[in-house]
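Heads up: the structure comes next, in structure tokens.
The values are calculated or read from the model by the stated rules, or taken from the named source; none is laboratory data. None of the values given here were measured: they were computed from a predicted structure. A quick note on method: Cβ atoms are made from the backbone with ideal geometry, for glycine too, and the neighbour counts reach across all protein chains shown.
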Amino acid sequence: MVIDVLERDDLPFPKSLPEFQRLFPDEAACARYLERARWGSGFVCPHCKTVGDPYRYATRSGVLCCRRCRRETRLTADTVMDHTHTPLTVWFWAAYLVASQTQGMSAVQFQRQLGLSRYETAFQILHKLRVGMVRPDQDRIGGKPGEVVEADETYVGGRTRGKGHGFHGMVLVAGAVEVRQRKKDNCLNKRRTGRYAGRVRLAVVPDRSAKSLGGFVKSNIAPGASIITDDWSGYASLTRLGFLHSAVAERGNMQVAETFLPIIHLVFSNLKTWLRGTHHGVSPQHLQTYLNEFTFRFNRRFYPFNAFRSLLGIAGGITAPTYAETYAAKSRTTTGSGCL
């Protein structure tokens, strides 16, 4: 399920903390908002497909009951909040903080902000919201006339305590970003070229082979799109895959990279700064979820407050990991290893 990120009268989104408190003062208000977000045209029973106003319980605001088949439906069913014991008010605060804080926040900061007693609860909520940041029907970028996509790969990693000098456990991340042109009469067009980043896609890949890099490009970029990369052999098959591919020989020349691949390098720089500055490093097995969060923020940077409603909406139909699958796995890896 995907909801529109544009303005809707029935789904106002808060533009400030006082407005958030006014819109969502209690569990019942959060439940009403979630119901409108999931069934904007009226409740549809997932069991018998009956359309109509359901029964509502005064003491169980998160549960609806179909008037025809009498079966109950939880508002959080088939969302990242499924089977949660955490109040909806906490989930809404979490979504708002994640969506409205430009740089995001770590689980420790989040625990402090909401007054949660356990770090594990904060980590689990944030991790589930990151899963909900990826739309199941996510479209591919590029493909518009005159639009170019820059693609490249980078290693994300750093020094690890207890393993001596040097870098260990570095993870390869592939990225692609749309390159757009500002209009000449745009007051923001103060740069020499007027280029800026459109949508971005990031993914962990196992290696730099043509199979891995070609697979990433094929999965994330629209067929027939114009792509510019460096001259690494892993991108040599893009023309055969149906893309308009241009390869640039950098040979370590930073001026060439700045001229032909400036946007994707800027994205990688922002990504690494964000991982080091906000999260102080993440474990390799969770890196993809952090890439999802970075992508979510980057692609909605021009609509920061709309991201709150978008986050709640695209969480539908996604199965979030359990506590054992997330925090237990995290406990087996030293915090900060591999991705500093």
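Listed by position, the helices (runs of 4 or more DSSP H) enclosed by segment 22-124 that each have at least 2 residues that are over 21 Å from Arg135 (Cα atoms) and either in contact with a Gly (Cβ under 9 Å, 6 or more places away or on another chain) or among the β-branched types (Val, Ile, Thr) (or both) are 27-38, 88-100. Contact map, segment 62-73: residues that are free of Cβ contacts under 8 Å to residues at least 40 places away in the same chain and surrounded by 13 or more Cβ atoms within 10 Å (Cβ to Cβ) paired with residues that are part of a strand (DSSP E or B) and among the β-branched types (Val, Ile, Thr), Cβ distance under 6 Å, separation 6+ or inter-chain. Pairs shown: Leu64/Thr73; Glu72/Val63. Within segment 101-123, take every residue that is surrounded by fewer than 18 Cβ atoms within 10 Å (Cβ to Cβ) and hydroxyl-bearing (Ser, Thr, Tyr) and give me the one that is farthest from Val282 (Cα to Cα). Checking each candidate, the answer is Ser117. Restricting Thr319, Thr326, Thr259 to those that are at pLDDT below 60, out of contact with any Leu (no Cβ under 6 Å at 6 or more places or on another chain) and surrounded by fewer than 19 Cβ atoms within 10 Å (Cβ to Cβ) reduces the list to Thr319. Consider Ser219 carefully, then state whether it is within 18 Å of the chain's Cα centre (by Cα) and either at pLDDT 95 or above or outside any strand (DSSP E or B) (or both). In short, yes.
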